[in-house]
Every structure is written in C-alpha cells, then in structure tokens.
C-alpha cells in the first residue's frame, strides 16, 4: 500500500523557529507526519544556509529554489504587476519559470496526495497542477489586505513593507523603501492586488486555511464559499510547564517576548516604552526577550526600565521569572504566538484588542484586554502587588489554552479537510 505523501511549497525554510510563521509551518508539518501518517516533502523558496542534515526528522526531503534572478523579477513586475494579470508585487518577486519546471519535476517524482502552497505570493504556482487530482490547499494564515490596511494607519520609521523578503533584498531596494511616502505608496498599491489575487486563485484550491476563525468566516462570506478552514495556532508550552520546576519571581518585573527584527514587534516595544512604562513606578522593570537588532537595542537604552535580554536558552524560565506578560501589539492580524504561549505557561497576559484578536478567552478572567494605556498600567501595577490574582488568572489562562490551543486540538482541522 502506497504511503500518503504531502508536498509543501513554502516561502522559506522554517527551522529554527524564529517567528510565529515558522512555528505554525513547523508544527503543521509535524502533525501531518506524526498524527496523520504523511511523508512530508518540502520545496522552499530560499537558498540553503545549512546542511540537509539539520532538517527535522518529520521532513522526508527538502529542496531549495535558490535565488531568482533580478532580470526575471523586473520582467515579472513589468508584465504581471504593472500591466497584465496585476499580480501583487510580492508574487512577481517570488515567481520563476525555472521554479515552475523544478516543482513539476519534483511533484512527478513524489506523486503527492496533497499539495500545500504557502501564502498568496506563491499561489500562481498552482497553475501548473490544475489538472492533477491531488488535494490542493492554500495556506493563507491571515488576511493580508487587512494587515496592510492596519499598517497604513500606523506607519513609522521601523515599518517594514517588504516583510521577510527584506533579508534577500538588495541594499538599493531596501533604501528605496525606507521613506514614509514610499511605504504608503507600496501598501496602497499592494492592497487591491492582494484582494484580486485572492479572488483569482480561490477556485484552484480545495481549501484555504486561516489561523483566525474570524478571518476564516469573513473570507467565506466575501467569496460565497465554504473553502475557508481554521488551522489555528497551537502551543506545547502547556506540556512543558507541567514537568518544569517552579521559577522564582523577580520583584516588580514584567516581560515582553518577540523577534524585534519584525516591524510589528519593534513598534510594539516602542509603544510600551513611550506610552505605558512612564505610567508605572520607576522601579518596575521590563524584560525584553528575543532577537533585537543593534539599532533598536541602542534606541532602547534610552529607557532605563527596559532590560534587553536578547535570545535566551530557556524561554520558559525567563518568562516565568516575571509576574505578567505586557504585550500590547501596535498592529497586525491573526493570533499572536507570544500571547497563547504565555497563557499556556500559566502567565497573566495584558494586551490590547489587536493582541487579543481571535483568542476567545474571557477578559478579566483568563487574560486582560484594554486599549487604554492608563488602564493597562493600572492592571500591571495591581498584578505586581497581588501574587494571588496572578496565580488565579494564570491558571485560568492555562486551562483555556489546554481546551483550545494544544497542537492535538489544532490538528483536528486536517481531519476536517479529509486528510
């Protein structure tokens, strides 16, 4: 009997897991293999930075596209974005005739039962498989047009309109996209094209997955379809916390977690520094955990209440040394990894409506949600002075995550799609 196989076409290699995006792809592939018995093959739109041997055990094989030439990108932009099919800019930057051919050859070698394509920027590659009978699934994760609309309302010097593509961009392209007027132009230019691409490609796929059940419902409504499926964010922090020793709390300490090379996280920590910390007692300390670019680290030195920890070996111990996670999110869509991971650890979480999006927990019982900075500071002060309330809210948060956001619960979506 032929073993079930899945081919995942991803925008980049997703290990080690440095972002929420990496975490979802990593654990989704892990679940396909371990819970549903698939051999998982991966084609990455990336250049290999490490050896083949570092891939996770649940990935059978991985191939890399290598770089797409500048001439082909420019040709795509002129013939598919500026005129022609009106692709999003990101789609033109990721598309290649060579990759089309390589994918077809890899597909024919594997003969997968299911094909996953990661994000709307890679959606045109589905054209090469229109007549194939395997199940086809588009991983949307969130509503990109909505995300860009939110970014437009909160543009700043750190707003990154190129996303993860920036790491492969030339110095010239990076410089050209730095002025605020150019960021505004790019986002306004991209929004209608992303919306058009969604409508153009939905018919090619059997299912389209979203992290947020709210965005899934909106997608289904605006496209008069039932193809949208919730494949939400999970966490294994609940299991980890069950076996770990008790961590001693540091007095008057809060924590923020995130990759600060990611613009929404960078802008979120600056929001905290400028709008919330001045409303707290000066002796209160905020631990900032996660990768932090030197330019931002230098800027954060101007805020004496902030301690930049960088990447830490034991995330759980560092987070639990604080009394609460302080994590209002400047902008973004979908479920935030830092929120559900902290809740899974049994940590009280203080966030805003953006951070709480698509998390169906009870405000004031399982976490705290407010868009008022003074109220946010007041809640933080109260929790720092009341370890009993911290424990009560933390345990309620943990129970919520156990019921809704363990990976086993998340994997039920694969069953809904007939995998």
- Message: When the residues of the stretch 289-315 are narrowed to those that are in contact with a helix residue (DSSP H, G or I) (Cβ under 6 Å, 6 or more places away or on another chain) and surrounded by 15 or more Cβ atoms within 10 Å (Cβ to Cβ), which ends up modelled with the lowest pLDDT?
- Response: 296
- Candidate set from the stretch 367-405 (those that are in contact with a strand residue (DSSP E or B) (Cβ under 7 Å, 6 or more places away or on another chain) and not in a helix (DSSP H, G or I)); member that is surrounded by the most Cβ atoms within 10 Å (Cβ to Cβ): 367
- Query: Identify, please: which residue in the stretch 39-55 is surrounded by 15 or more Cβ atoms within 10 Å (Cβ to Cβ) and within 22 Å of the chain's Cα centre (by Cα) and is, among those, modelled with the lowest pLDDT?
  - Reply: 46
- Query: Does residue 31 meet the test of being more than 23 Å from residue 262 (Cα to Cα), assigned by TED's automatic domain parsing to the domain that holds residue 133 and in contact with a helix residue (DSSP H, G or I) (Cβ under 7 Å, 6 or more places away or on another chain)?
  - Reply: yes
- Residue pairs qualifying under the 9 Å Cβ cut-off, at least six apart or on distinct chains, with the first in the stretch 240-266 being not assigned by TED's automatic domain parsing to the domain that holds residue 149 and at pLDDT below 90 and the second being crowded, with 18+ Cβ neighbours inside 10 Å and part of a strand (DSSP E or B), are none
- Which residue, of 83, 9, is in the same structural domain as residue 108 (by TED's automatic domain parsing) and touching a helix residue (DSSP H, G or I) at 6+ places or on another chain (Cβ under 8 Å)? 9
- Item | Residues of the stretch 44-103 classified as touching a strand residue (DSSP E or B) at 6+ places or on another chain (Cβ under 8 Å) and in a helix (DSSP H, G or I), total | 3
- Can you tell me which residues in the stretch 187-198 are farther than 20 Å from residue 115 by Cβ and touching a helix residue (DSSP H, G or I) at 6+ places or on another chain (Cβ under 9 Å)? 187, 188, 189, 190, 191, 192, 193, 194, 195
- When residue 25 is evaluated against the numbered criteria (1) closer than 16 Å to residue 115 by Cα; (2) touching a helix residue (DSSP H, G or I) at 6+ places or on another chain (Cβ under 9 Å), which criterion, by number, is the only one it fails? (2)
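Matching residues to (1) modelled with pLDDT under 85; (2) outside the structural domain of residue 107 (by TED's automatic domain parsing); (3) part of a loop (DSSP other than H, G, I, E, B):
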| residue | (1), (2), (3) |
| --- | --- |
| 139 | no, no, no |
| 150 | yes, no, no |
| 156 | yes, no, yes |
| 161 | yes, no, yes |
| 165 | yes, no, no |
| 173 | yes, no, no |
| 178 | yes, no, yes |
| 181 | no, no, no |
| 184 | no, no, no |
- Task: For residue 289, state whether it is touching a strand residue (DSSP E or B) at 6+ places or on another chain (Cβ under 6 Å), free of Cβ contacts under 8 Å to residues at least 60 places away in the same chain, farther than 18 Å from residue 402 by Cβ and not assigned by TED's automatic domain parsing to the domain that holds residue 17.
- Result: yes
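Condition check ((1) outside any helix (DSSP H, G or I); (2) on the phi > 0 side of the Ramachandran plot; (3) not assigned by TED's automatic domain parsing to the domain that holds residue 265) across all residues:
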{"position": "278", "(1), (2), (3)": "no, no, no"}
{"position": "303", "(1), (2), (3)": "yes, no, no"}
{"position": "322", "(1), (2), (3)": "yes, no, no"}
{"position": "334", "(1), (2), (3)": "yes, yes, no"}
{"position": "339", "(1), (2), (3)": "no, no, no"}
{"position": "354", "(1), (2), (3)": "yes, no, no"}
{"position": "359", "(1), (2), (3)": "yes, no, no"}
- Here is a list of conditions, (1) modelled with pLDDT under 90; (2) in the same structural domain as residue 140 (by TED's automatic domain parsing); (3) surrounded by 13 or more Cβ atoms within 10 Å (Cβ to Cβ), and residue 219 meets all of them except one; can you say which number that is? (1)
- Message: As an exercise: evaluate residue 232 against (1) assigned to a helix (DSSP H, G or I); (2) in contact with a helix residue (DSSP H, G or I) (Cβ under 6 Å, 6 or more places away or on another chain); (3) within 21 Å of residue 351 (Cα to Cα) and give the number of the one condition it does not meet.
- Response: (1)
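The values are calculated or read from the model by the stated rules, or taken from the named source; none is laboratory data. All figures in this text were calculated on a predicted structure; none of them were measured in a lab. We place every Cβ from the backbone using ideal geometry, glycine too, and count neighbours over all the protein chains shown.
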